[in-house]
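Everything on this sheet refers to the single structure shown next.
The values are calculated or read from the model by the stated rules, or taken from the named source; none is laboratory data. Keep in mind that what you see is a predicted model, and the values were worked out from it rather than measured. Reconstructed Cβ throughout: ideal geometry from the backbone, glycine too, with neighbour counts over all protein chains shown. Just the protein is used for accessible areas: all its heavy atoms, side chains included, with ligands, DNA and RNA removed. Shrake-Rupley method; radii C 1.70, N 1.55, O 1.52, S 1.80 Å.
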Amino acid sequence: MAVLLAACAPARIVREPLPTLSAQELAAAQSEQQAHETAVAATPDWSLQGRVALSNGRNGGSGGIEWSQRGAGYEVALSAPVTRQSWRLTGDAGSARIEGLEGGPRSGADAQALLRETTGWEIPVAALSAWVRGARADEAAFGPAILSFGADRRLARLEQGGWTVDYSAWQSADAGATALPTRLNAERGQARVRLVVDRWAGAAAP
């Protein structure tokens, strides 16, 4: 995995202070967030194409990413244009399989643990499938979330399961559609995941 990604570790996130919203603005932001999460939950099948940068405090790299979600089932493919190598992670809530590594495919019950063991990267796959769409992950599995909003009342920061996710850009939504994040940074300790989404498909209900 160290040679799969081009050696370019994402810089540590420098967080700007978030605005202090009035009680009325905060209530409106929370209501809009709930409506957003309802729309996201109504569309369990979605996909994205973009770019990702990973770091574990010692090594880092970047490459292209394609993520396809069909309910609990997922397929995540990562490719590095410099090395022309790739790996593919598939699975569901109770199993995971990674292909493209030296030594052949590996399987396990938990995608995050499997990635940690085989690649050294800390990627919270199950939670990230919710976070990447600007929604909280399952509280029963990852604990309660703390949400912070920007001046535009969109989600600016989400803290859950020891991770802090910062949203720096959202797409412009067409009439009747739901806006989705296009840039986010997730960090826990030395582990960092930076994602830029170039294209969404079927990610939120109109």
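Some observations on this one:
- Charge dipole of the chain (Cα centre as origin; +1 on each Lys and Arg Cβ, -1 on each Asp and Glu Cβ, all else neutral): 540 debye, rounded to the nearest 20.
- Segments 18-26, 123-131, 53-61 sorted - mean Cβ within 10 Å per residue, highest first: 123-131, 53-61, 18-26
- Compactness relative to 2.2 N^0.38 Å, alpha carbon Rg of the chain: 1.01
- Where the chain is the region considered: accessible area per residue in Å², 1.4 Å probe: 50 Å²
- Surface composition of the chain: carbon and sulfur atoms hold 49% of the protein heavy-atom accessible area at a 1.4 Å probe.
- Helix axis angle, 23-41 relative to the chain longest principal axis, alpha carbon, degrees: 40 degrees
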